Amino acid sequence: MSLAGGSFLILAHKSATEYAVERYSADLQKTWSATVPVSDAERIDGFACGTRQALVVIYSKTNASQTLSAQAIDLATGQKAPLKKLVETGARDRHPGVAFSPNGTKLVAWSYATREEQIRAITASVYDEQLAKLKDRTYDFHDLGSFFSPTVSLGNDGTQYVTIISDEMKKLSVRRYRNDNQDVKVMSVAVGGSFGGKAITVFDTKISTQADNNLYVAAICTERLTGQYYSLKLVKFDFNGEGTMKFADEFRFTPEYLAEVNKATQGSSKRLEDIYLSDILLTEEKQLVLVAEKKYEEGGDESPVRTKELHLFGYNEFEAPTWHTIIAKDQVAPPAESFAGIGYKATVFGPNVQLLTQEKIKGKSDLYVRSVNAQTGVVQPAKGLGLKVASDQQLAYVKDFTAWLDAQTLIGVSRPSKKSAALMLNKIVLK
């Protein structure tokens with residue numbers, strides 16, 4: 001995570017029982033290191049950085065309960081505050097959840113109340129970055145039917161947004177819960193239904209909460225009976241003032257689009273499948289880029305995992321579709337790495353989206369960066385970073401521990417030789 005002055009934070013996995021949050025200067029000198037111990041029954045469920053503190057969320061499970069706790073670490077000194085329990089629920093209950101605001105200064109933690117495995121309510125608590133509690137809220141879903149899917153997200157001011165797909169996966173709603181009053185603002189729109197005699201339902205969604213109280217929700221819709229991909233939809237919920245919705249023109253997944261995919265990937269697929277929304281990226285000029293990725297297991301649980309291409313869709317500042325493109329890639333990871341060993345990372349600098357992948361292109365395995373113009377959709381050729389990695393090393397960590405300091409500078413890790421057990425921190429400057 002980048003900080004002021006070119007310094008940055010990393011969350012390092014030191015051993016089976018210890019993580020560490022470490023701060024480095026722009027010239028890769030370690031400023032401080034704060035250990036975060038974990039037991040066999042614990043794992044890291046979240047990591048964020050605010051203006052004054054970094055927060056690490058630890059999930060713990062025993063025979064009696066599940067717990068989410070937060071470790072706050074001072075950015076200036078690396079000093080740790082006492083561990084703070086955020087939420088506790090029964091051992092057989094659904095996994096509790098946590099979400100951070102975009103700027104990392106607020107977090108919300110929650111547990112589920114269920115009846116016969118159906119969610120009936122969510123009990124949530126909102127905290128600031130000092131882990132002082134701002135509000136307790138209950139999101140009640142008794143008015144909904146028996147089949148719906150809720151997602152909780154958080155604004156920079158601590159406002160909570162609960163996005164719900166309901167009405168047999170055809171209706172999209174967002175409920176806003178503020179901390180200064182009990183009023184609940186609700187906006188809803190139908191994204192599925194009956195079209196041309198076909199029952200269309202929501203298959204996958206992606207949500208992005210912005211600092212200006214806008215919420216973007218993208219949805220891939222499919223035909224209920226056949227599973228065929230039908231369309232991509234984008235809705236902007238503006239909660240400023242009385243609140244408004246903007247429903248972008250849908251993008252249809254036509255046979256012509258399938259032909260474009262096959263041409264870009266040199267494939268011969270008979271239908272679109274295994275494509276999931278992965279990112280909503282917004283530039284300062286409000287150009288928006290949706291990213292979807294094709295990823296799947298080649299066989300059963302013990303089979304390799306693969307991704308084949310990225311699908312990009314561009315929208316202008318008025319939420320009108322303007323371009324789309326397909327970026328071919330072919331990544332495979334062994335079963336032990338699962339989906340962590342594939343995929344990409346993305347960020348926005350000015351009018352451009354940068355995509356980082358770990359691939360083997362023309363026989364060379366490396367980290368590659370592609371730059372995409374958010375206004376035109378023009379994709380620059382993949383540029384290798386020249387990161388030296390021991391040839392016998394599983395490479396999932398290389399992508400996971402690579403981040404941007406600015407548009408031309410990345411920080412990454414590698415194990416420089418087969419004899420070395422340690423990782424080396426690298427500063428990479430793009431030409």
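Numbers for the structure displayed
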{"item": "Some residue of region 190-201 being open to solvent by 20 Å² or more (accessible area, probe 1.4 Å), within 25 Å of Asn156 (Cα to Cα), out of contact with any Asp or Glu (no Cβ under 6 Å at 6 or more places or on another chain) and assigned to a strand (DSSP E or B)", "result": "no"}
{"item": "Conditions (1) open to solvent by less than 20 Å² (accessible area, probe 1.4 Å); (2) in a strand (DSSP E or B); number of the one not met by Asp204", "result": "(1)"}
{"item": "Residue within region 366-375 that is in a strand (DSSP E or B), at pLDDT below 95, of a type in the set (A, V, I, L, M, F, W, C) and touching a strand residue (DSSP E or B) at 6+ places or on another chain (Cβ under 9 Å) present", "result": "yes"}
{"item": "Qualifying residues in region 172-186 (those that are basic (Lys, Arg) and over 23 Å from the mean Cα position of the chain (by Cα)) - the one surrounded by the most Cβ atoms within 10 Å (Cβ to Cβ)", "result": "Arg178"}
{"item": "Listing of strands (runs of 3 or more DSSP E) fully contained in region 207-253 that carry 3 or more residues being open to solvent by 50 Å² or more (accessible area, probe 1.4 Å) and touching a residue at least 40 places away in the same chain (Cβ under 8 Å)", "result": "244-247"}
{"item": "Residue in region 195-206 that is of a type in the set (D, E, K, R) and in contact (Cβ under 8 Å) with a residue 40 or more places away in the chain present", "result": "yes"}
{"item": "Residue count, region 205-245 (criterion: modelled with pLDDT under 95, under 21 Å from Asp167 (Cα atoms) and of a type in the set (D, E, K, R))", "result": "1"}
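The values are calculated or read from the model by the stated rules, or taken from the named source; none is laboratory data. Just so you know, these numbers come straight off a predicted model, no measurement behind them. Here Cβ is always computed from backbone atoms with ideal geometry, including for glycine, and neighbour counts include all displayed protein chains. We work out accessible area using only protein heavy atoms, side chains counted, and drop any ligands, DNA or RNA first. Shrake-Rupley method; radii C 1.70, N 1.55, O 1.52, S 1.80 Å.
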